[in-house]
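The values are calculated or read from the model by the stated rules, or taken from the named source; none is laboratory data. Bear in mind that the values here come from a model prediction, so they are computed numbers and not experimental data. All Cβ positions, glycine included, derive from the backbone under ideal geometry; neighbour counts span all protein chains shown. For the accessible areas, the whole protein counts, side chains as well, though only heavy atoms, and no ligand, DNA or RNA atoms are used. Shrake-Rupley method; radii C 1.70, N 1.55, O 1.52, S 1.80 Å.
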Amino acid sequence: MGTYSIEKAIKKSINIPPVAYPYHGEEFLTIKNDIPYCINNSIEQTFDIYYPKDFKPFHHKTVLFVNGGGAIKRNYKSYPCFTSWGELVAVNDMIGITFNWRSGKSEDICAMIDYLFVHAKELGIAVNEICVFPLCRAVNNTINCVLKYPEIRKMVLYYGKISENTKLMKCENMKFLIALGNLDKMYSASCNDWFLENAQKYNYTAELLVHPQGVHGIDYANDDEYTRKIIERTLEFIRN
């Protein structure tokens, strides 16, 4: 596969392709779709949850994927790039969650996290084992939302810029994995260097992975071995 433009895909209403990482066993997963987590302007905003084959309540890591946000009617959570991530973590014995939210509305991200905390028992989620995984524009919106929840201590951040308003003192003892593409025209590979440079001062850990030929959307746009190494490290980071 060559490079793929997320902007063109959205403009043309083309489904962005699945994650560039092989997996199998998705037929054994339990997937629950379109669960409402909040209502805005009389419109339900929903999420999907992907459970592993041998699901046991409170025994699995949970990964909350935050897409770039946009019109709810576009149903980004159901694009193959996100359904495949949900399946990928679930076949790796974790719980995956994707949801729709309005671009730039951080309150929607908080509403989704609040729902998980309030309904953790019925969902079978251990709230201290949640990893939040924003991509693209969502990185900026998501990080300060997550810092409101001290139970969440781990984040994966893909091809997005961390907000310069991030309250670094609240990052103490947290772990961050950041992935960027060296050829990304939206966010440079060095855009989060300031965040890494402050890790020791504020007592958090931050690991940076840069795909040397990576464009924006490396997880699906660069279908190559380097991308697979980044994704493999991502799964390892979430599990451990």
With each label point set 7 Å from Cα along the Cα-Cβ vector, what nm distance links Thr205 and His119?
3.3
What is the local net charge at Phe117, summed over the other residues whose Cβ is closer than 14 Å to its Cβ (Lys, Arg +1; Asp, Glu -1)?
-2
Tell me, what HN-Hα J-couplings in whole Hz come from the Karplus equation 6.51 cos²θ - 1.76 cosθ + 1.60 at θ = phi - 60° for each residue of the stretch 225-237, using x for Gly and Pro?
5, 5, 4, 5, 5, 5, 5, 4, 5, 4, 4, 5, 4
Heavy-atom accessible area per residue, the chain, 1.4 Å probe: how many Å²?
46
Quick check on the stretch 40-115: what are the equivalent-ellipsoid semi-axes from the Cα gyration tensor, as sqrt(5λ), descending, whole Å?
23, 14, 9
Distance in nm between Ile43 and Asn198 label points, each 7 Å along Cα→Cβ, equals 3.4
When only alpha-carbon atoms count, how far does the stretch 103-240 stretch along each of its three principal axes, as whole angstroms with the largest first?
42, 32, 31
Rounded to a whole %, the carbon-and-sulfur portion of the accessible area of the chain at a 1.4 Å probe is 50
Please report the antiparallel percentage of the DSSP beta bridges confined to the chain, to the nearest 5.
30
With all protein chains modelled, accessible area of Asp93 [1.4 Å, Å²]:
80
Within 13 Å, Cβ to Cβ, of Ala20, how many net charges do the neighbouring residues add up to if Lys/Arg are +1 and Asp/Glu are -1?
-3
Contour minus end-to-end for Glu107 and Ser190, with contour as 0.36 nm per residue of separation and end-to-end as the Cα-Cα distance?
27.0 nm
Links exceeding 22 Å between C-alpha atoms in this model, out of Lys105/Lys161; Lys32/Lys77; Lys73/Lys121, come to Lys73/Lys121
Within the chain, what's the longest stretch lacking GluC sites (Glu not before Pro) that sit in DSSP loops with no more than 16 other Cβ atoms inside 10 Å?
1-150
Applying 1/(1 + (r/R0)^6) with R0 = 25 Å to the Cβ-Cβ distance of Lys73 and Ala126, what FRET efficiency is obtained, to the nearest 0.05?
0.15
Between Glu151 and Asp54, what is 0.36 nm times their sequence separation minus the Cα-Cα distance? Round to one decimal in nm.
32.4 nm
What helix-only [θ] at 222 nm does the chain give? Using -39500 (n - 2.57) per DSSP H run of at least 4, over all residues, to the nearest 500, the answer is -8000 deg cm²/dmol
